[in-house]
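Take a look at the structure below.
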Amino acid sequence: MKLFDVYPLFDVNIVQGKGCHVWDDKGQEYLDLYGGHAVISIGHAHPHYVDAISKQVAKLGFYSNSVINKLQQEVADRLGAMCGYDDYQLFLINSGAEANENALKLASFYNGRTRIISFAKAFHGRTSLAVEVTNNPKIIAPINDNGHVTYLPLNDTEAMKAELAKGDVCAVIIEGIQGVGGIQLPTSEFLQALRQACDENNTALVLDEIQSGYGRSGKFFAHQYAGIRPDLITVAKGIGNGFPMAGVLISPKFTPVYGQLGTTFGGNHLACAAAIAVLDVMKEENLVENAALVGSHLIEELKKFPQIKEVRGLGLMIGMEFAEPIKELRKRLLFEQKVFTGVSGTNVIRLLPPLCLSMAEADEFLNRLNNVLSK
């Protein structure tokens, strides 16, 4: 059987990782400035993480959600305390798309509406409703194109208020920082106006923090720079440092009803052990603060490169936009300088390194980038 050919692949076979470095099957070392799409939060093969999941799987990797799993409550308690949402409720599932599906479903159960507002260049996942609120017609199959969504320009306050004033909007879904869209940031003023307009029109506000959350922006959630509190917050990627896991943080205004939501694998024992280990390391090693400090340094230094048209981002979620396509530049970074980076569209390189990236490793990246840009 052949693998279904869905991704163009670099001819590199990564077999080992440690911290912010990975190695291929030939023993070549690479600096990882992408973390597997922002998934690696505490670094590859962190010893505490390895120990925690090894011990848990040796005891019990999985059992049904029809019985008590105290590890789930431990995740909820620890996450609530660390992110500042200890009065919210937590629903654990498996992936970011699934988190957004369930958040939008809860919003619709709450107010009985079906129309959703999303934004230009948004990406929210590849499943049924998650892909419908993603602003990319190429990946929306006809069966998913059901007319639920109105796309608006990001940061257009008047357009947003006008749509919400119609009184039929179920939910607004917005990324804390757009990732696939090219590291585009909603302004604090826009998010504050959005929060107010949602309140005035009984519309649920869903903050997709799947890529921008879990400390990546230099705060636990990117929306916290604006001082707002959404009704629903979706998380995934960094929550398990590579173990498939996701969650929805749910405002007290939502009352759980048996049978509305459910999951087979969500919140299993092994996933919870991974999530607890991640929170341990984030707290012990001050990784949110490190993301803010090292990220600010990177952004400041990148802005000094005349070849870069614009640098955007917060913390360790950074976009470098060039005037010309970056396909060859990215390949040269990988194959000549041994640095993994990401991409958004044709002109933007994305940096999403593990949150443990050191100043020395950041400077090493800057040196390697200069080696490419100066030729």
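The values are calculated or read from the model by the stated rules, or taken from the named source; none is laboratory data. Please read these numbers as outputs of a predicted model, since none were measured by experiment. When we count neighbours, we look across all protein chains shown, and the Cβ atoms used for this are built from the backbone with ideal geometry, even at glycine. Calculation scope for accessible area: heavy atoms of the full protein, side chains included, ligands and nucleic acids excluded. Shrake-Rupley method; radii C 1.70, N 1.55, O 1.52, S 1.80 Å.
Here are a few things to note about the model shown:
- Filtering Phe322, Phe305 for residues that are aromatic (Phe, Trp, Tyr) and in contact (Cβ under 8 Å) with a residue 40 or more places away in the chain leaves a single hit, Phe305.
- Residues located in the range 176-209, provided they are closer than 25 Å to Ser41 by Cβ and of a type in the set (Val, Ile, Thr): Ile177, Val180, Ile183, Val206
- Evaluation of Ala120 against the conditions (1) of a type outside the set (Phe, Trp, Tyr); (2) touching a helix residue (DSSP H, G or I) at 6+ places or on another chain (Cβ under 9 Å); (3) in contact (Cβ under 8 Å) with a residue 24 or more places away in the chain; (4) surrounded by fewer than 19 Cβ atoms within 10 Å (Cβ to Cβ) shows that the sole unmet condition is (2).
- Residue that is farthest from Asp51 (Cα to Cα) [pool: residues in the range 198-240 that are polar (S, T, N, Q) and out of contact with any strand residue (DSSP E or B) (no Cβ under 8 Å at 6 or more places or on another chain)]: Asn202
- Taken across the range 354-368, residues that are open to solvent by less than 10 Å² (accessible area, probe 1.4 Å), in a strand (DSSP E or B) and of a type outside the set (Gly, Ala, Ser) do not occur at all.
Each row is one residue, and each column tells you yes or no for (1) part of a loop (DSSP other than H, G, I, E, B); (2) of a type in the set (Ser, Thr, Tyr); (3) open to solvent by 50 Å² or more (accessible area, probe 1.4 Å).
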{"site": "Val248", "(1), (2), (3)": "no, no, no"}
{"site": "Thr255", "(1), (2), (3)": "yes, yes, yes"}
{"site": "Gly267", "(1), (2), (3)": "yes, no, no"}
{"site": "Ile276", "(1), (2), (3)": "no, no, no"}
{"site": "Val281", "(1), (2), (3)": "no, no, no"}
{"site": "Leu293", "(1), (2), (3)": "no, no, yes"}
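- Taken as a whole, the condition of being modelled with pLDDT of 95 or more and farther than 30 Å from Leu287 by Cα applies to Thr127.
- Of the helices (runs of 4 or more DSSP H) entirely within the range 1-104, those holding at least 3 residues that are at pLDDT 95 or above and open to solvent by 50 Å² or more (accessible area, probe 1.4 Å) occupy 47-59, 70-83.
- Residues in the range 299-318 that are out of contact with any strand residue (DSSP E or B) (no Cβ under 7 Å at 6 or more places or on another chain), open to solvent by less than 20 Å² (accessible area, probe 1.4 Å) and not in a loop (DSSP other than H, G, I, E, B): Met317 alone.
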